[in-house]
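A short write-up of the structure that comes next.
The values are calculated or read from the model by the stated rules, or taken from the named source; none is laboratory data. The model shown is predicted, which means the values in this text are computed figures rather than measured ones. Here the Cβ is made from the backbone with ideal geometry for all residues, glycine too, and neighbour counts use every protein chain on show.
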Amino acid sequence: MSSEILDYLQPYNALSIEAKNSFLPIQAQGSPYSLLIIPDDNIAEIMEDTLDEYDSLTDYVDQQSAQVEQMNVLDTFRTLVSHQLLYTDISDQSEQVQSMDWASLYHTYSSLWEMPLIDESLIPSKITSLLPDLQAKSEHTKEWIQLPLPVGKEYTAPLMVPMGGFNECPAPLLQASLFQYWQTKYKAIPIVVDESMWILQAHSRPQTDQEALQLAQEHFIFCSYVLESFDSIGEYASYLQQQEFWYFWWD
């Protein structure tokens, strides 16, 4: 599976590396960034299915990137919430969200959850890291892939390595839309991906409590699992003020 994915990524000068010698690719701001790919059959299958409709991976990335450039980030969040509502008791509101502002949109989404999880009081977080044990993953996959990311367009990583698009995990186009927004606002760069996970490194952090809370809300809509290690969204907001790594994963 690693060789198959590597073949797809050949136009981007991807390299095969030994998993046991790989570590979290922490990178200084402004340096050329690379993405660590932990390959598996699911990613290979999604790439194969995707390329059935395009001439090449570069053709797919170019066309989808152009679409990302035209997307409004609020519309992206509206799409995510609308999808979530379809499987709830308030599914009738799924169409209404397309005209909601941010406050109304988050209020609708948060109504799906209960206290204390949606408590917005910022409290200090004792959690210093959410990062998974990458070396444990090397027991299952011996060869990983290092992918150089295009300078200034690192947010296109979900298009170069498409994953998700089923169950609760957003489609690659929506991922790229939000990654572009977060890269612009927080200099957040994708650094690790596997079949169910993204890790981003944010070189800028929210400067106020309100900004941290909104970022936590954005993450919560994108990936509800971000709160699994926290008592509330307010605690997660405090975490985001202190930590540079964002960890998104889906079951």
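Could you list all residues from the stretch 104-153 that are small (Gly, Ala, Ser) and over 22 Å from Val193 (Cβ atoms)?
Selection gives Ser104, Ser110, Ser111, Ser121, Ser125.
Tell me yes or no: at least one residue of the stretch 183-195 is modelled with pLDDT of 95 or more, touching a strand residue (DSSP E or B) at 6+ places or on another chain (Cβ under 7 Å), more than 17 Å from Pro32 (Cα to Cα) and buried (at least 22 other Cβ atoms within 10 Å of the Cβ).
yes
Using the structure shown, decide if Thr88 is more than 18 Å from Ala216 (Cβ to Cβ), in a loop (DSSP other than H, G, I, E, B) and either touching an Asp or Glu at 6+ places or on another chain (Cβ under 7 Å) or among the aliphatic types (A, V, I, L, M) (or both).
no
Assuming Val97 fulfils every condition listed in (1) over 18 Å from Leu213 (Cα atoms); (2) of a type in the set (A, V, I, L, M, F, W, C); (3) in a loop (DSSP other than H, G, I, E, B); (4) in contact with a helix residue (DSSP H, G or I) (Cβ under 9 Å, 6 or more places away or on another chain) apart from one, which condition is it?
(3)
Mind counting the residues in the stretch 63-82 that are under 17 Å from Glu168 (Cα atoms) and either touching a residue at least 60 places away in the same chain (Cβ under 8 Å) or of a type in the set (Ser, Thr, Tyr) (or both)?
6
If Gly165 satisfies every condition in (1) farther than 24 Å from Asp7 by Cβ; (2) assigned to a loop (DSSP other than H, G, I, E, B); (3) touching a residue at least 24 places away in the same chain (Cβ under 8 Å) but one, which is the exception?
(1)
Determine which member of the set Ser82, Ser110, Ser121, Ser94 is among the small types (Gly, Ala, Ser) and modelled with pLDDT under 95.
None of the other options fit; the residue is Ser94.
Answer yes or no: is there a residue in the stretch 171-178 that is surrounded by fewer than 21 Cβ atoms within 10 Å (Cβ to Cβ), in a loop (DSSP other than H, G, I, E, B) and in contact with a strand residue (DSSP E or B) (Cβ under 7 Å, 6 or more places away or on another chain).
Scanning the stretch 171-178 turns up no residue that is surrounded by fewer than 21 Cβ atoms within 10 Å (Cβ to Cβ), in a loop (DSSP other than H, G, I, E, B) and in contact with a strand residue (DSSP E or B) (Cβ under 7 Å, 6 or more places away or on another chain).
Checking Trp249 against (1) crowded, with 22+ Cβ neighbours inside 10 Å; (2) in contact with a helix residue (DSSP H, G or I) (Cβ under 8 Å, 6 or more places away or on another chain); (3) of a type in the set (A, V, I, L, M, F, W, C), which test does it fail?
Condition not satisfied by Trp249: (1).
Ser104 passes all but one of (1) outside any loop (DSSP other than H, G, I, E, B); (2) surrounded by fewer than 18 Cβ atoms within 10 Å (Cβ to Cβ); (3) within 19 Å of the chain's Cα centre (by Cα); (4) not β-branched (Val, Ile, Thr); which number fails?
(3)
Checking Ser204 against (1) in contact (Cβ under 8 Å) with a residue 24 or more places away in the chain; (2) under 30 Å from Gln135 (Cβ atoms); (3) of a type in the set (S, T, N, Q): exactly one of these is not met. Which one?
Result: Ser204 fails condition (1) only.
Would you point out the residue of the stretch 107-123, among those that are in contact with a Phe, Trp or Tyr (Cβ under 9 Å, 6 or more places away or on another chain) and in a loop (DSSP other than H, G, I, E, B), that is surrounded by the fewest Cβ atoms within 10 Å (Cβ to Cβ)?
Trp113
Taking the options Leu213, Leu240, Leu159, name whichever one is touching a Lys or Arg at 6+ places or on another chain (Cβ under 8 Å) and either at pLDDT 95 or above or hydroxyl-bearing (Ser, Thr, Tyr) (or both).
So the residue among Leu213, Leu240, Leu159 that is touching a Lys or Arg at 6+ places or on another chain (Cβ under 8 Å) and either at pLDDT 95 or above or hydroxyl-bearing (Ser, Thr, Tyr) (or both) is Leu240.
I'd like the full set of residues that are without any contact (Cβ under 8 Å) to a residue 40 or more places away in the chain and assigned to a helix (DSSP H, G or I), limited to the stretch 227-240.
Leu240
Restricting attention to the stretch 21-41, does a residue exist that is out of contact with any Cys (no Cβ under 6 Å at 6 or more places or on another chain), within 20 Å of Glu168 (Cα to Cα) and at pLDDT below 95?
Scanning the stretch 21-41 turns up at least one residue that is out of contact with any Cys (no Cβ under 6 Å at 6 or more places or on another chain), within 20 Å of Glu168 (Cα to Cα) and at pLDDT below 95.
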